[in-house]
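Structure first, commentary second.
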Amino acid sequence: MANTVDLRSDTVTKPSPAMREEMARAEVGDDVYREDPTVNRLQKLVAELLGKEAGLFMPSGTMSNQVAVRAACRGAEAICDAEGHTFHYEMAGAAARSGIQLFPVAGERGVLTWADVEGAIRPVADYFPRTGLICLENTHNRAGGTVYPLDVMADVGEKARARGIPVHLDGARLWNAAVATGVPLSAYAACADSVSVCFSKGLGAPVGSCLCGTREFVEEAIMVRRSFGGAMRQAGVLAAAALYAVEHNVDRLADDHRRAGALAEGLADIAVFAVEPPQTNIVMVDVVNEAVAAAALTDFLEEAGILVHAVGPRRIRAVTHLDLDDADVERALRAFEDAVARLRPS
Ligand code: TLP
């Protein structure tokens, strides 16, 4: 629909004309032979940004996490946050594809401390699966774009290393964390053995993620990616969009964070909502009035051309991104006010 304000996700952005030009101009080759110069340039750049030896271009964040779980997990069980993406949205891939069971542990707003993790590490016994991986997420999607505090993450990384358990970081939105805090990407990445970052969320590329780690790990990941059907050929056209995204669209994430803050502030003034100030670009809106259901609200909003995502019966997610401006946020706020007035006439 024309004039729609789409707040469902930051994945809905369309490649800009300048990004499309870069895609059209991209030099390409067969990436299975490692001969695509644009893919190679992207992998090198992202690995450098994260302070890792090597990177691997992936078709999606889901495949990137799943390949990491398969390639990194040295046992039958992987610990993750109970609200984590790998647990909720990856179609039981760890179990289905790699024979790995996830052990979901409830963190505080998506943050697992070492105490949380340690409590879930299996003692060595004939009747327990072996703990082979710890998965962290920064920023955390279902917790509302929360940033993992660097010191907590570093503590988990250091202590996991001492126990010989690798750490995988789902950094689909690590760019947002870095922009929100000023902490370099590499400082977060240093807490983990493998890191996946996405180009198709706030950075506005149409497709793609990059999985980074040691050279040895990436060699293994190349084999796993192929076995999952994710090896690509002239992927340089896609890598060109990702390169453009990394080179042009990182600093501007601050605008998305500011707009998410404005949206949350406006929504908090509407009596039926409880809204925490967002740390990045994801606003979680809790509908606290029993008479108002999230699904009914989203229907009213849709009629007004405002798309949001009901993540639970009383919870709505709204995500800001580069295809939205201040006027769109203002329009969304007015529509929320209107929808509430219609559902709960005073
Ligand atoms: N998340 C999507 C949906 O799958 C929920 C969204 O709209 O936010 N890690 C994190 C933290 C993510 O939020 C996502 C996408 C992924 C991984 C998966 O990326 P893709 O969609 O590229 O497979």
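Descriptive notes on the structure:
- Among beta bridges that DSSP assigns inside the stretch 144-303, antiparallel share in %, nearest 5: 65
- Look at the alpha carbon pairs under 8 Å that are at least 6 residues apart: their mean separation over the length of the stretch 17-247 gives a relative contact order of 31 percent.
- Measuring with a 1.4 angstrom probe and ignoring ligands and nucleic acids, V288 comes out at about 90 Å² accessible.
- Whole-angstrom gap from the stretch 161-219 to the stretch 298-346, using each part's C-alpha centre: 31
- Span-like helix ranges in the chain, DSSP H, alpha carbon extent 15 angstrom or more, Kyte mean at least 1.0: 236-248
- For the set H248, H309, the ranking by accessible area, highest first and with no ligand, DNA or RNA atoms included, is H248, H309 under a 1.4 Å probe.
- Here's the list of lysines a cross-link from K201 could span, going by alpha-carbon distance under 25 Å and ignoring same-chain residues fewer than 8 apart: K14, K44, K52.
- Summed side-chain charge close to P166 - residues other than P166 whose Cβ falls under 9 Å, Lys, Arg +1, Asp, Glu -1: +1
- Cys residues of the chain that find no other Cys beta carbon under 4.7 Å: C73, C191, C198, C210, C212.
- Theoretical FRET efficiency, 1/(1+(r/R0)^6), r = Cβ-Cβ of R226 and A274, R0 41 Å, to 0.05: 0.30
- The chain: most fluctuating residue of A327, A68, A95 per GNM, C-alpha cutoff 10 Å: A327
- Taking 0.36 nm per residue of separation and subtracting the current Cα-Cα distance, fully stretching the chain between E108 and E158 would add 16.0 nm.
- Extension gain for the segment R215 to R334, taken as residue separation times 0.36 nm less the Cα-Cα distance, is 37.7 nm to one decimal.
- GNM on the chain, alpha-carbon springs under 10 angstrom: the most fluctuating residue among G145, G164, G229 is G229.
- Estimated distance in nm for a label pair at R315 and R342, the labels positioned 7 Å out from Cα along Cα-to-Cβ: 2.6
- 3J(HN,Hα) from dihedral phi, the stretch 102-110, Karplus parametrisation 6.51/-1.76/1.60, rounded to Hz, x for glycine, proline: 8, 10, x, 10, 6, x, 9, 6, x
- Averaged over its residues, the chain has an accessible area of 43 Å² per residue, based on protein heavy atoms and a 1.4 Å probe.
- Extension gain for the segment A293 to E265, taken as residue separation times 0.36 nm less the Cα-Cα distance, is 8.0 nm to one decimal.
- Net charge, H257 excluded, C-beta distance under 12 Å - Lys, Arg +1, Asp, Glu -1: 0
- Rg in Å to one decimal, and Dmax rounded to a whole Å, for the stretch 190-252 via C-alpha atoms: 12.9, 37
- Selection of GluC sites (Glu not before Pro), the stretch 269-321, meeting DSSP coil and at most 16 other Cβ within 10 Å: E290
- Computed over the chain, the per-residue total of -39500 (n - 2.57) for DSSP H runs of n ≥ 4 gives a 222 nm mean residue ellipticity of -13000 deg cm²/dmol, rounded to 500.
- Net dipole in debye of the chain [+1 Lys, Arg Cβ; -1 Asp, Glu Cβ; about Cα centre; nearest 20]: 740
- Label-to-label distance for A125 and Y33 is 5.5 nm, based on points extended 7 Å past Cα in the beta-carbon direction.
- Percent carbon-and-sulfur accessible area, the chain, ignoring ligands, DNA and RNA, probe 1.4 Å: 51
- With eigenvalues of the C-alpha gyration tensor scaled by 5 and rooted, the stretch 1-78, Å: 28, 22, 11
- Counting only heavy atoms of the protein chains and using a 1.4 Å probe, C135 has close to 10 Å² of accessible surface.
- P(r) histogram, all alpha-carbon pairs of the chain included - 20 Å bins from 0, percent: 31, 55, 14, 0
The values are calculated or read from the model by the stated rules, or taken from the named source; none is laboratory data. Computed from a prediction, not measured in an experiment: that's the story for all the values here. Note that we place each Cβ from the backbone using ideal geometry, even for glycine, and neighbour counts take in every protein chain shown. The accessibility values were calculated without ligands, DNA or RNA, using every heavy atom of the protein model including side chains. Shrake-Rupley method; radii C 1.70, N 1.55, O 1.52, S 1.80 Å.
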